[in-house]
Amino acid sequence: MATTTTHPEAGTLTGTPVVPGIAHGPVLLARTEVSQAAIDAFDGSDLTEDAAIARYDDVAAAVADGFAAKADKASGAAAEVLTASAGLARDKGMRSAVLKQLKAGDDLLTAVRAAVDSFVTVFTGMGGLMAERVTDLRDIERRIVARVVGEPEPGVPAPEEPCVLVAADLAPADTAGLDPARVLALVTERGGPTSHTAIIARQLGIPCVVGTSGALDVPSGSRLLVDGTTGVVEVDPDEDEAARRVAADREERAALDAWSGPGLTADGKPIRILANVADGESARSAVEAAPVEGVGLFRTELSFLNRKDEPTVDEQAEIYGQVLGAFRGKGPGDRDRYVVVRTLDAGSDKPLAFANMLEEENPALGVRGLRLSFDNPGLMERQLDAVAKAADDAGTETWVMAPMVATVAEATEFAEAVHGRGLKAGVMIEVPSAALLAHRMLEVVDFLSIGTNDLTQYTMAADRMATDLAHLTDAWQPAVLQLIAITAEAGRQAGKSVGVCGEAAADPLLACALVGMGITSLSMAAAAVRPVGARLSAVSSGQCEEAAEAALAASDPMAAREAVREVLTGG
Ligand code: PEP
Ligand code: MG
């Protein structure tokens, strides 16, 4: 897998950093494969078809129960993925596929593998979030196979002392029960920034580096120093130096907790620090968790993922009103709060039953986001009516933006519809064509917001969910940075606000470089607000500009990260 580079110095590995922080401890290797010897020793040929399916039923139920028990002890994203895995293990379609293979003459192990393979093909073909579930399917397969051959299910051994956990990739069931007091850091050989490992590590606040080639070859008994900001993993570093870096990191993290906003550079340049939210609940918890000045991205489609029918205007207005209601009045620094509502970004990895076509050859390049309104203008009209109603009721300043805009004509039409309802109109910059024409977009809209997740995906022609393409789906890629800079400069010239609301805004170093390019607001998950706000408050706007220049001049993401760190921290 060509996801990473290995440092020239001996004993140093490099991967994609996904959760910042520094940790040092002994390596603990997670065994996530069933032993080949046990598989070779298994002979399923004397099981009748009835006996084989009965064995499958027992084993699949035991595996599902195991997931469910772990889900009960977990919370948040971890509980959700575990519950979903329990459902997959019990899935009737999977059982039918196994039975079909048995009837065709396969033995039980071959039947299980063929059934899982057929599901993997379907999930991969669906792309996006469904393709991500392939890791879960493979995890279920390994657990079923282990039980069929009479082995314990593979997984993470319970650490006896604080350790750095190293694995090929971790399935939800492996990561969900992790104790952050015992697992100091996570290092995986595979996986990208959106993998389960990364999601759970973020939730637990454990420093994490993914896509680290060579990680599994680290000799047992080694000690690792993991830097979740740079992605560098040192094998057997100098103990004193490692202890010093861990202590410095701890101090830095304590300082972050003290940051209380508003967003300002050290020399007083204001930057709006905003939250990404999905509904009223996440909006209220963002206000409680962090000193945010509003919402830079309200992903409205996430409220309707399970809906078969389009919600009425009143229903929508009620849901949007909950988010707007959480941001009434003034925020930190006595600045007026505002909420940026994004119209439905249905399609691709977030299909909506009432909005999307069932089958598309290539959904990421298909009818998603604003494109849904081409054939169904009423869908957007009704949503805008609902947003306008909610804004009127709540009295919160409300901006509205459209996702997946590719042409100035689309922006013009959208802005007219939004302005007609007395609201501020903007578009997301997620398609390279929109970034290149940012100056013309700004002639018709009031603001722009860069969705770096999709902008990176479309610039690099690399599926944002593909775990093997983590080195390409990186917003630090020079081509992505150039497009961001073009967009920010267009905003500067027009005197209009240009924000970033993709994952790039949550990276404290990159956030400073973005501000240096002219970005005026940064919107992110609430957990990232303090690290980003505190980092900005420690650097001057001149340093941010220097960081932007250094990032833009770098030849690859690693060099860009290093150059920016040097500008901002002096080393
Ligand atoms: C983005 O693409 O960066 C973005 C913020 O939108 P989403 O992640 O919802 O596609
Ligand atoms: Mg997007």
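The values are calculated or read from the model by the stated rules, or taken from the named source; none is laboratory data. No experiment lies behind these values; they were computed from the predicted model shown. Quick reminder, even Gly has a Cβ in these numbers, built from the backbone with ideal geometry, and neighbours come from all protein chains shown. Calculation scope for accessible area: heavy atoms of the full protein, side chains included, ligands and nucleic acids excluded. Shrake-Rupley method; radii C 1.70, N 1.55, O 1.52, S 1.80 Å.
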> Which net charge results when you count Lys and Arg as +1 and Asp and Glu as -1 among the other residues whose beta-carbon is under 15 Å from that of residue 315?
Replying inline: -4
>> If you count only protein heavy atoms with a 1.4 Å probe, what accessible area per residue comes out for the range 259-569, rounded to a whole Å²?
In response: 37
>> Between 0 and 90 degrees, rounded to the nearest ten: what's the tilt of helix 76-90 against the longest Cα principal axis of the chain?
In response: 40
> How long is the range 282-408 along each principal axis, judged by its Cα atoms, biggest number first, in Å?
Replying inline: 49, 31, 26
>> Roughly how far apart, in whole Å, are the Cα centres of the range 227-286 and the range 46-64?
In response: 49
> Label residue 328 and residue 36 with points 7 Å out from Cα along Cα→Cβ: what is the distance between them in nm?
Replying inline: 6.7
> How would you order 148-158, 540-550 from highest to lowest mean count of nearby Cβ atoms within 10 Å?
Replying inline: 540-550, 148-158
>> How high is the relative contact order of the chain? Use alpha-carbon pairs under 8 Å, at least six apart in sequence, and give a whole percent.
In response: 14
> Roughly to the nearest percent, how much of the accessible area of the chain is carbon and sulfur, given a 1.4 Å probe?
Replying inline: 52
>> Over the range 509-552, what portion of Cα pair distances is larger than 14 Å, expressed as a whole percent?
In response: 41
> Per residue, how much accessible area does the range 36-148 show when a 1.4 Å probe rolls over the protein heavy atoms, in square angstrom?
Replying inline: 48
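First measure r as the distance between the Cβ atoms of residue 75 and residue 365, then evaluate 1/(1 + (r/R0)^6) with R0 = 41 Å and state the FRET efficiency to the nearest 0.05.
0.70
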> What is the pair-distance distribution P(r) of the range 159-310, computed from all Cα-Cα distances in 5 Å bins starting at 0, with each bin given as a whole percent?
Replying inline: 2, 8, 13, 15, 16, 15, 13, 9, 6, 3, 1, 0, 0
>> Taking 25 °C and 0.890 mPa s as the conditions, I'd like the Stokes-Einstein D for the range 230-358 in µm²/s, using the Kirkwood hydrodynamic radius from alpha carbon pairs.
In response: 137
>> Can you compute the modelled spin-label distance between residue 266 and residue 284, with each label point 7 Å from Cα toward Cβ, in nm?
In response: 4.0
> Relative to the longest principal Cα axis of the chain, at what angle does helix 377-394 sit, 0 to 90 degrees, rounded to 10?
Replying inline: 70
> For the peptides 179-188, 516-525, 489-498, what is the packing order when you average, over each peptide's residues, the other Cβ atoms within 10 Å and list the highest mean first?
Replying inline: 516-525, 179-188, 489-498
> Can you put 22, 450 in order of accessible area, largest first, using a 1.4 Å probe?
Replying inline: 22, 450
> Tally Lys and Arg at +1 and Asp and Glu at -1 over the other residues with C-beta under 10 Å from the C-beta of residue 158: what net charge comes out?
Replying inline: -1
>> Quick check: pseudo-label points 7 Å beyond the Cα along Cα→Cβ at residue 479 and residue 555, how many nm apart are they?
In response: 1.8
> So what is the orientation-averaged projected area of the range 36-148, using the convex hull of its C-alpha atoms, in nm²?
Replying inline: 7.2
>> I'd like to compare 499-512, 307-320, 235-248: which one has the highest average count of other Cβ atoms within 10 Å, and what's the full order after that?
In response: 499-512, 307-320, 235-248
> On the first, second and third principal axes, largest extent first, how far apart are the outermost C-alpha atoms of the range 259-569 in Å?
Replying inline: 52, 46, 35
>> Given the -39500 (n - 2.57) contribution per DSSP H run of 4+ residues, what per-residue ellipticity at 222 nm results for the chain, rounded to the nearest 500 deg cm²/dmol?
In response: -14500 deg cm²/dmol
> Taking the Cα centre of each part, how many Å lie between the range 493-531 and the range 384-425?
Replying inline: 22
> How high is the FRET efficiency between residue 100 and residue 217 when r is their beta carbon distance and R₀ equals 35 Å, given to the nearest 0.05?
Replying inline: 0.30
>> Just to confirm the number: angle between the C-alpha axis of helix 508-517 and the first principal axis of the chain, 0 to 90 degrees, nearest 10?
In response: 30
>> Translational diffusion coefficient of the chain at 25 °C, 0.890 mPa s, Stokes-Einstein with Kirkwood Rh over Cα pairs, in µm²/s as a whole number.
In response: 98
